[in-house]
Amino acid sequence: MKKAFLLSLALMLPAMGAHAAERWTPQKAKAWYAQQKWLVGGNYIPSTAINQLEMWQADTFDAPRIEQEFTWAQGMGLTTMRVFLHDLLWQQDAPGFKRRIGQFLTIAARHGIKPVFVLFDSCWDPHPKLGPQHPPIPGVHNSGWVQGPGADAMADPKQTPRLEAYVKDIVGNFANDDRILAWDVWNEPDNFAGQYPDDTKAKIAHVTELLPKVFDWARSANPSQPLTSGVWHDANWNKLDGLNPIEKTQLTQSDVISFHDYNWPERFAERVKELQVYGRPLLCTEYMARGNGSTIDTVLPLGKKLDVAMINWGFVDGRTQTRLPWDSWQKPYTQTPPTIWFHEILHTDGTPYRAREVAIIKALSAAPRGQVPDLALMP
């Protein structure tokens, strides 16, 4: 059945080649990874945007601010950024959206940064709306972030062709663009946003059905960049039999394996060991929650030693307010700030939250692959 499907797809899309829908082999994935610099960066949104829509819509796309913040990133030795797209942006104005993606890539390349683009996301508000976005809720972490596709789109089978067209057009348009590092097809696909009462658990069934299709849609464009979707639950990732269907899809369809971990370094090391059984490059696409034990001081050097790509949550403090912890949804920090920042590295003016963190990033980025300098000797 699978061979017949691949053959029919190849006949329909001859320009994409006979192997358009095949997952990369471990050998191809390792060869790709060996060609990269050590990958270190952040989950990026300009400080002037509250969410993906505000980042990319024509009226609020802030190219000068992105230029400034990527100048800071380059000075720190960052080599990648993970950046979220949205299907509604494509529906609203596909040509304009792709032009702004191109403009973004030009800025990123100028500063030596190769982004990972995220196509879909199951976190936070399940009802995204185009146009002006609401202001941040005072004292609350990531109070304006939106899911994509939204709940209504996922529940409506008639919208599936639109989602397919979005994936194929975006990936296909940039399939051979060497300024892009990778495609993260779906962020935390089985995340249930309990802060939003109408984020129903029916979403899990919809995602279970859609996620394999999204991998197929993206792969049909025959991108030169790898595909991935990161596991994030507290489970034993080295045993497929014990995982849910979404996690199994993530681990068996990703060209390179990605994961999220916001725990102490001991737990991070265990997670890496669990995923090494798959024999593919590892990308930690979310880490660093200082109050949770995941820090630049402890986890980032371990990632460098283990040759894992490391992408922390956040970069410059701004409208997402992710310097505030997750529990700010239950107890907003409106009277006093938290004891320590949860995420983010820089203040809005570019000064570091902690100068030593920036020094560590610089030292690790400059060191040879897999080697960790003696950070104890740093001031």
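Computed from the coordinates by the stated procedures, all read-outs in this text should not be read as laboratory data. Everything quoted here is computed from the prediction, not taken from an experiment. Methodologically, a virtual Cβ is constructed for each residue, glycine included, from the backbone with ideal geometry; neighbour enumeration extends over all protein chains shown.
Taking label positions 7 Å along the Cα-Cβ direction at both residue 374 and residue 25, the computed distance is 4.4 nm, reported to one decimal. Each label was represented as a point 7 Å from its Cα along the Cα-to-Cβ direction; for residue 165 and residue 106 these points are 2.8 nm apart. Within the chain, antiparallel bridges make up roughly 10 percent of the DSSP beta bridges whose residues both belong there.
What the Cα atoms of the chain give is an Rg and a Dmax of 19.8, 63 Å. Each of 281, 318, 293 was scored by the projection of its Cα onto the charge dipole of the range 232-324, and the greatest displacement toward the positive side belongs to 318; charges sit on the C-beta of Lys, Arg, Asp and Glu.
Express in % the proportion of alpha carbon pairs of the range 239-379 at distances exceeding 25 Å. Result for the distance tail: 35 percent. Taking the number of Cβ atoms within 10 Å of each Cβ as an exposure proxy, the fewest-first ranking of 198, 93 is 198, 93. Spin-label model, residue 244/residue 335: points 7 Å from Cα along the beta carbon direction are separated by 3.7 nm. The dipole here belongs to the chain: it is taken about the Cα centre, uses +1 on the Cβ of Lys and Arg and -1 on the Cβ of Asp and Glu, and is about 940 debye. When the alpha carbon coordinates of the range 33-103 are projected onto the principal axes, the ranges are 37, 26, 18 Å, largest first.
For the range 30-370, the relative contact order is 20 percent, taking Cα pairs closer than 8 Å that sit 6 or more residues apart in sequence and dividing their mean separation by the residue count. Sorting 336, 80 from the fewest to the most surrounding beta carbons within 10 angstrom yields 336, 80. The calculated FRET efficiency for the pair residue 155 and residue 35, based on their C-beta separation and a Förster distance of 41 Å, comes to about 0.50. Annotation: lysines with alpha-carbon distance below 22 angstrom to residue 201 (same-chain offsets under eight excluded): 129, 158, 213, 248. If a spin label sat at a point 7 angstrom from the Cα of residue 205 along the line to its beta carbon, the backbone N atoms of the range 157-176 nearer than 16 Å would be those of 157-158.
Can you tally the net charge around residue 369? Count Lys and Arg as +1, Asp and Glu as -1, for every other residue whose Cβ sits under 14 Å from the Cβ of residue 369. Computed value for this residue: +3.
Across the range 198-271, the relative contact order, built from alpha-carbon pairs under 8 Å that are at least six residues apart, equals 32 percent.
Ignoring aspartates and glutamates fewer than eight residues from residue 30 along the same chain, the ones with Cα atoms less than 13 angstrom from its Cα are 255, 307. Taking a point 7 Å from the Cα of residue 58 along the Cα-to-Cβ direction, the residues of the range 104-137 with backbone N closer than 13 Å to it are 131.
Evaluated at 25 °C with a viscosity of 0.890 mPa s, what Stokes-Einstein diffusion coefficient in µm²/s does the range 192-288 have when Rh comes from the Kirkwood expression over alpha-carbon pairs? It diffuses with D of about 168 µm²/s by this estimate.
The alpha-carbon of residue 203 sits under 16 angstrom from the alpha-carbons of these aspartates and glutamates, leaving out residues fewer than 8 places away in its chain: 121, 125, 152, 156, 188, 190, 247.
For the chain, a Gaussian network of Cα nodes joined below 10 Å ranks 301, 189, 212 by mean-square fluctuation, and the top entry is 212. Going from the fewest other Cβ atoms within 10 Å to the most, the residues 340, 101 appear in the order 340, 101. Full extension of the segment from residue 326 to residue 273, taken as 0.36 nm per residue of separation minus the current Cα-Cα distance, would add 16.4 nm.
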